[in-house]
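Below is one structure; the comments refer to it alone.
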Amino acid sequence: GRFADAAEVHQRAVALGPENVQVLTEASITLSAAGQLEAAESLLNRAIALQPESGDIHFQLGIVLRARRSLDEAELVFRRANELAGGHPGALLELSGVLVGVGRHKEAAEALFALLALNPSSAEANVNLGVALIGLGHQELGAERLRKAREIDPNNIAARINLSNHYYAAGKPSEAEKEAAGGLEIAPENRTLMLCRANALQSQGRFAES
């Protein structure tokens, strides 16, 4: 967890091997973890200049751009990473997150269907697809994907939060409370799950518990 120290060591390694793509990429990941996003972006751009056909380096750059809230650029870079790799699961997942975040649910769903064709057992992809489908008004199809994500990974908190919210919005507070309670068994300090459960309990008239 000593990211600042690790970043300093990696920067020394970069000074010794300024054209070593692996060193540049690994240093950028460490700098990003240390919160030095601008420096990480600079190193990744150098790495791409040296190895422009690498989908993985573009993927790492997209992550940094998304963290910097440069969402339009991140979208383009994730698409490029997927194109270069002939299908990049990580890039497709991150792309879907960007698209869902800006309300472009149809495009997000398209990216996620492509991802699930590559990796059908991705819990994260099923969560994002569930959210995208619900955003498109396909409530039950979205909930089905969220349940699939929970089945794949019972510890996936995002699946439980989104299922709880879905059931609450659908007027099923007992099911919403059950999902939130199950999530709290896994992550007892999760405030979002606490709020989900409190709202569901209140809707059932269980005010003292809420």
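At 1.4 Å probe radius, can you tell me the per residue accessible area of segment 51-109 in Å²? List each step's numbers first, then the result.
Details: 2720 Å² over 59 residues.
Counting only protein heavy atoms, the per-residue value for segment 51-109 is 46 Å².
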Over segment 52-151, what lengths in whole Å, largest first, do the semi-axes of the equivalent ellipsoid take, defined as the square roots of 5 times the eigenvalues of the alpha-carbon gyration tensor?
23, 15, 10
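If I take all pairs of Cα atoms in segment 87-210, what percentage of them are more than 20 Å from each other?
On the way: 3251 of 7626 pairs.
So the pairs more than 20 Å apart make up 43 percent of the total in segment 87-210.
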Of Y168, L95, A15, which is farthest along the charge dipole of the chain in the positive direction, counting Lys and Arg as +1 and Asp and Glu as -1 at C-beta?
Y168
Just name one of L116, Q139, L37: the one whose Cα is farthest towards the positive end of the charge dipole of the chain (beta-carbon charges, Lys/Arg +1, Asp/Glu -1).
Q139
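Roughly speaking, to the nearest percent, how much of the chain's 1.4 Å accessible area is carbon and sulfur?
Numbers: 5490 of 10940 Å².
After summing per-atom areas, the C and S share lands at 50 percent.
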Apply the Karplus curve 6.51 cos²θ - 1.76 cosθ + 1.60, θ = phi - 60°, to the phi angles in segment 120-133 and return the couplings in whole Hz, x for Gly and Pro.
x, 9, 7, 5, 4, 5, 5, 4, 4, 5, x, 5, 5, 5
Applying the Karplus parametrisation 6.51 cos²θ - 1.76 cosθ + 1.60 with θ = phi - 60° to the phi angles of segment 169-174, what ³J(HN,Hα) value in whole Hz is obtained for each residue in order, glycine and proline being reported as x?
5, 7, x, 10, x, 5
What is the distance, in nm, between label points placed 7 Å from the Cα along the Cα-to-Cβ direction at L141 and at E38?
4.4 nm
In Å and on Cα atoms, what radius of gyration and Dmax does segment 136-205 show?
11.2, 33
Environment charge of K178, counting only residues whose C-beta is closer than 14 Å and scoring Lys/Arg +1, Asp/Glu -1:
+1
Grab every C-alpha pair in segment 1-122, bin the distances at 5 angstrom width from 0 up to the longest one, and report whole percents.
2, 13, 21, 20, 17, 13, 8, 4, 1, 0
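Relative to the present Cα-Cα distance, how much length would full extension add between R69 and S174 at 0.36 nm per residue of separation?
The span from R69 to S174 would gain 34.1 nm if fully extended.
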Virtual spin-label span in nm between A15 and E151, 7 Å along Cα→Cβ
5.6 nm
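Taking R0 as 41 Å, what FRET efficiency do you get between A4 and S121 from their Cβ-Cβ distance, rounded to the nearest 0.05? Kindly include the intermediate steps, with their values, before the conclusion.
Working: r = 36 Å, r/R0 = 0.88.
With R0 = 41 Å, the Cβ-Cβ based efficiency is 0.70.
Hey, what's the per residue convex hull volume over the C-alpha atoms of the chain, in cubic angstrom?
Working: hull volume 25.9 nm³, N = 210.
With only Cα atoms used, the chain gives 124 Å³ per residue.
The values are calculated or read from the model by the stated rules, or taken from the named source; none is laboratory data. All values reported here derive from a predicted model rather than from experimental measurement. As a convention, Cβ positions derive from the backbone with ideal geometry for all residues, glycine included, and neighbour counts pool all protein chains shown. SASA here: full protein model, heavy atoms, side chains in, ligands and nucleic acids out. Shrake-Rupley method; radii C 1.70, N 1.55, O 1.52, S 1.80 Å.
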